[in-house]
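Colleague: Got a structure for you, written out below as structure tokens; questions coming shortly.
The values are calculated or read from the model by the stated rules, or taken from the named source; none is laboratory data. Just so it is clear, the model here is predicted, and its values are computed rather than measured. Note that we place each Cβ from the backbone using ideal geometry, even for glycine, and neighbour counts take in every protein chain shown. Quick note on the areas: whole protein, heavy atoms, side chains included, nothing else; ligands and nucleic acids left out. Shrake-Rupley method; radii C 1.70, N 1.55, O 1.52, S 1.80 Å.
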Amino acid sequence: MNKNIKIILWIIFIGLIALASYSLRPMKNIQNSEVENTVDINSDLIIVGFSQLGSESDWRTANTKSIQNALTKKNGFSLIFSNGRQSQENQIKDVRSFIFQEVDYIVIAPVTETGWDTVLKEAREAGIPVIIVDRMINTDDESLYVACVGTDKYAEGEKAGIWLEKYLEEQKSEENVTQENESLSEETASQEENGLNTEVINIVVLEGTPNSTAQIGRSKGFEDIARKHENWNILAQDSGDFTKAKGKEVMAKYLQEYDDIDILVSQNDDMTFGAIEAIQEAGLTCGVNGKIKVISFDAVSEAFDRMEDGLINVDIECNPLQGQLIAELIERLEKGKKVDKVSYVEEKVFKAENAGIERIGRSY
Ligand code: AHR
């Protein structure tokens, strides 16, 4: 064999050995539904298993994107994403899979509040810190999670009630001014027609997924304000499960049952979009100049369109942009620094009259 051929064969041989040792290095196989399913444990990246509760709403899509955009390889993370498809059972399986794969952190957006203790104890025994995002869990043992990042859902519900208080007061004072001017103006006549100056204010509520923090907090926050007003009459509170289809279905049912609805409180925008369709299909009107006044939650981009159309009166923001806060929190934990047990992102209230201006610069 001539010398050159020998050298070439040696190069091929060494190349094959290098290739074999690379492909035989330890890998973690993660069985999950979406995005990445294999993680290289030899990298310096911080491995985060994220159990998202589902993909039921525009808000959820924005929340998922925010977390995926913050926990990138460029920022030092390897993110394993799992979609629980609205099932706690799926989410628990995902968490167990993360534990099995020895991830560095587990992030959970829990679909409902109760039933997490067992699997979180398993994570604690494995020494994996757990961060709860968006919604909360209900547990007596706070050591089961290191921190919670999300939004104050009770405050959101209160804000809805406070907006309604102010709105009704404004309507009343407008009516008084008009009456002082002696004649009943066309505006007042139309307000009376719309039922807002009558003694009783009839309210229907489209609630989110039962036993989720978003449903519990928003219902309680609003009810606590409503309780202060004897004339606020909550006619019905059924679940539309945070989806457009269910929101439409439940609203259509309300419209068949009650012909005197003044206010719709819809606990997320997707249900509101469905409810607006049901109202319009029933030949009724809603929003700023309509019969049924609409209070919504989330403030996603399409809701700003509907506010600009005058179909939603007010939207109580639930801020889905939580990824950056989660990344910062993990970085602090990595450095052994203390973190707040609960951190909330900032949120506003958007009224139809300012929607065109306030939406400028929003990313979702
Ligand atoms: O937990 C946040 C809520 O969940 C949002 O309001 C809703 O749109 C989502 O599905």
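Colleague: Can you name the helices (runs of 4 or more DSSP H) wholly within the stretch 54-166 that have at least 3 residues being at positive phi, without any contact (Cβ under 8 Å) to a residue 40 or more places away in the chain and of a type in the set (Phe, Trp, Tyr)?
Modeller: Working: elements: 58-70, 88-100, 117-125.
Fully inside the stretch 54-166 and qualifying: nothing.
Colleague: Can you pull out the residues in the stretch 235-259 that are in a loop (DSSP other than H, G, I, E, B) and open to solvent by less than 50 Å² (accessible area, probe 1.4 Å)?
Modeller: Gly240, Phe242, Thr243 - these are the residues of the stretch 235-259 that are in a loop (DSSP other than H, G, I, E, B) and open to solvent by less than 50 Å² (accessible area, probe 1.4 Å).
Colleague: Any idea how many residues of the stretch 98-143 are among the hydroxyl-bearing types (Ser, Thr, Tyr) and surrounded by 19 or more Cβ atoms within 10 Å (Cβ to Cβ)?
Modeller: Here the count works out to 2.
Colleague: Moving on. Select from the stretch 162-186 the residues that are open to solvent by 60 Å² or more (accessible area, probe 1.4 Å) and at pLDDT 85 or above and list them in ascending order.
Modeller: Scanning the stretch 162-186 gives Ile162, Lys166, Glu169, Glu170.
Colleague: Can you name every residue in the stretch 261-285 that is in contact (Cβ under 8 Å) with a residue 40 or more places away in the chain and more than 16 Å from the ligand (Cβ to nearest atom)?
Modeller: Ile261, Asp262, Ile263
Colleague: Regarding the stretch 285-295, can at least one residue be identified that is open to solvent by 10 Å² or more (accessible area, probe 1.4 Å), under 19 Å from the mean Cα position of the chain (by Cα) and within 19 Å of Gly161 (Cβ to Cβ)?
Modeller: Checking the stretch 285-295: not a single residue is open to solvent by 10 Å² or more (accessible area, probe 1.4 Å), under 19 Å from the mean Cα position of the chain (by Cα) and within 19 Å of Gly161 (Cβ to Cβ).
Colleague: Kindly provide the set of residues from the stretch 54-75 that are in contact with a Phe, Trp or Tyr (Cβ under 9 Å, 6 or more places away or on another chain), open to solvent by 20 Å² or more (accessible area, probe 1.4 Å), away from the ligand (no atom under 13 Å from the Cβ) and not charged (D, E, K, R), ordered by number.
Modeller: The answer is Gln68, and nothing else.
Colleague: Any residue in the stretch 267-284 that is surrounded by fewer than 22 Cβ atoms within 10 Å (Cβ to Cβ), more than 18 Å from the chain's Cα centre (by Cα) and under 12 Å from Phe350 (Cβ atoms)?
Modeller: Looking for residues that are surrounded by fewer than 22 Cβ atoms within 10 Å (Cβ to Cβ), more than 18 Å from the chain's Cα centre (by Cα) and under 12 Å from Phe350 (Cβ atoms), one finds none in the stretch 267-284, hence no.
Colleague: If I go through the stretch 232-265 residue by residue, how many of them are more than 19 Å from Ser296 (Cβ to Cβ) and touching a strand residue (DSSP E or B) at 6+ places or on another chain (Cβ under 6 Å)?
Modeller: So the count comes out to 3.
Colleague: Would you tally the residues in the stretch 315-341 being away from the ligand (no atom under 15 Å from the Cβ) and over 25 Å from Gly76 (Cα atoms)?
Modeller: 0
Colleague: Check Gly240 against each of (1) farther than 12 Å from Val205 by Cα; (2) within 16 Å of the ligand (Cβ to nearest atom) and name the one condition it does not meet.
Modeller: Every listed condition holds for Gly240 apart from (1).
Colleague: Of everything in the stretch 36-53 that's at pLDDT below 65 and outside any loop (DSSP other than H, G, I, E, B), which residue is least open to solvent (accessible area, probe 1.4 Å)?
Modeller: Val39
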